[in-house]
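Read the figures in this text as sums done on the coordinates, not as results from a lab. Predicted model only: the values in this text are computed from it and were never measured. In this analysis, Cβ positions are derived from the backbone assuming ideal geometry, glycine residues included, and neighbour counts consider all displayed protein chains.
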Amino acid sequence: MVSSPPDTSKTTKLERYNSYIRRVNSTKLLQASSKLLFRVTLLVALVLILFFTLNYPPISENPHHIHSKNNLFSSAFYGSGAVWEKQVRHSATPHRPNGFSVLVTGAAGFVGTHCSLALKKRGDGVLGLDNFNSYYDPSLKIAREMLLGKHQIFVVHGDINDAELLNKLFDIVPFSHVLHLAAQAGVRYAMQNPLSYVNSNVAGFVTLLEVAKSADPQPAIVWASSSSVYGLNTQVPFSEGHRTDQPASLYAATKKAGEEIAHTYNHIYGLSLTGLRFFTVYGPWGRPDMAYFFFTKDILQGKPINVYVTQDGKEVARDFTYIDDIVKGCVGALDTAEKSTGSGGKKRGPAQLRVYNLGNTAPVTVNKLVGILESLLNVKAKKHMIKMPRNGDVPYTHANVSLACRDFGYKPTTDLATGLRKFAKWYTSYYGIASRVKKVIRSDD
Ligand SMILES: O=C(O)[C@H]1O[C@H](OP(=O)(O)OP(=O)(O)OC[C@H]2O[C@@H](n3ccc(=O)[nH]c3=O)[C@H](O)[C@@H]2O)[C@H](O)[C@@H](O)[C@H]1O
């Protein structure tokens, strides 16, 4: 018996129909998912655009992006655009007849903040520039920036090595002066991170000078050199004419290089340049990497501190200089700075080239400094007297300031005990521990 083939016509139809439905469904699914994908991509793109627009420079470089949104003057939140330019121009515009228009580099730094406030207070226009690097706690720099913001001083977040940004700032503002304080500071850190000194103190300085020499008008430049350039010099007190060709640290060597570079730009392009050799500056809003600052912190926390003595057991001393005296010196140097003589990158005649010591003229041993802190804080320090490590430190500094006195009346007026009391008062209030350290508060009443 021959069996007839089974009737598959029904099942075949059904299968075809099912396969058709599957195809339709998968096409629909494909269309739906591509729509979804398109919308998600659009959303991500929008979020990214918003993120990068609102966070220029990037968050990693702009740690205070959250609080700065609401403060017109507290941050260069936009790296370009009409609003940003308006802020730059407004901040740099003087508010007194014949007032200066000063670009302050390192404006969120210790000396930069104090100088910016002093200049603004007397009616000069001040524009800050700072890269907010993390050499020490950037939150302190941010707090300083907020203080500047309260006084209508705008700080651009940027680096002195960014020639494009510098050119842009000079395009917007015809700066009469630059107070150049941005630098890699710290004597001993140079052994850990030597290239950061070359990058900021040499390359950054040259970048700034390159822009300044081409600017029209060329600004007069006052900049921070350092007492450390005296290095192994043994003649005291240190005078500007003494030898400075034996730096003891790379920090000192880069500051000395800055002085030579200043000579070159003055010689070739007619830039007016004044270098100020600061002597161990201290005070409120100071640098946490400096001994007086971290000694205060450690003493209050009951931690031991290392007090250095020389290799032959002698006490180490510094010509500690209070910040207000340094500010007066910086302002005096700006006030007496002559105009640069060049234009369009060409020298038109000889220009001013100066170097001054700005110190206190009264060296104090580090041991004595610790004694003053102990009495202010009412805490006994756990002192370890150890031999000064061979890391670039010098045993002694002492400034002769007669040149600065002659040329702009520089006369330091704050002794170490008075200045440290002001520092300790600020420190305990800033870190919210004033009530624990009653003596500081009482003594300032
Ligand atoms: O005039 C300058 O041009 C420089 O001044 C400052 O350098 P210095 O004078 O070395 O200040 P700072 O470190 O506070 O040490 C103070 C004293 O404490 C001693 N010191 C230091 C550390 C320690 O643990 N123990 C100690 O005894 C140490 O031996 C020293 O005797 C700036 O930091 C620098 O950026 C630059 O501006």
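Quick notes on this one:
- Measuring between alpha carbons in the structure, the pairs from Lys213/Lys256; Lys121/Lys213; Lys314/Lys383; Lys297/Lys328; Lys141/Lys168; Lys168/Lys213 lying more than 19 angstrom apart are Lys213/Lys256; Lys121/Lys213; Lys297/Lys328; Lys141/Lys168.
- Value of relative contact order over the stretch 346-445, rounded to a whole percent, pairs C-alpha under 8 Å and six or more apart: 37 percent
- Net charge in the neighbourhood of Gly112 (other residues with Cβ under 9 Å of its Cβ; Lys, Arg +1, Asp, Glu -1) is 0.
- Cβ-Cβ FRET estimate between Lys150 and Ala118, R0 fixed at 22 Å, reported to 0.05: 0.90
- Distance cut-off 22 Å, percentage of C-alpha pairs in the stretch 277-368 lying past it: 49 percent
- For the stretch 130-194: rounded, prolate or oblate by the Cα gyration tensor [a/c cutoff 1.5]: oblate
- Theoretical gain in end-to-end length, Asp393 to Gln246 [0.36 nm per residue, Cα-Cα removed]: 51.7 nm
- Global form of the stretch 85-173, assessed from the alpha-carbon gyration tensor, a/c cut-off 1.5: oblate
- Extension reserve of the His384-Ser139 stretch, reckoned as 0.36 nm per residue once the Cα distance is removed: 85.2 nm
- The residues packed around Arg277, meaning those with a beta-carbon under 13 Å from its beta-carbon, carry a net charge of 0 if Lys and Arg are +1 and Asp and Glu are -1.
- Cleavage-rule hits (chymotrypsin sites (Phe, Trp or Tyr not before Pro)) in the stretch 392-445: DSSP loop, at most 14 neighbouring Cβ within 10 angstrom: Tyr431
- Proximal aspartates and glutamates to Lys368, defined as alpha-carbon separation beneath 16 angstrom and excluding residues fewer than eight positions away on the same chain: Glu315, Asp319, Asp415
- Taking only the Cα atoms of the stretch 353-445, the radius of gyration and Dmax are 16.8, 49 Å.
- Here the stretch 125-151 and the stretch 371-399 have alpha carbon centers that stand 28 Å from each other.
- Virtual paramagnetic centre 7 Å along Cα→Cβ of Asp171, amide N under 19 Å, in the stretch 201-243: 207-219
- Counted charge near His95, where neighbours are those whose Cβ lies closer than 12 Å (Asp, Glu -1; Lys, Arg +1): +3
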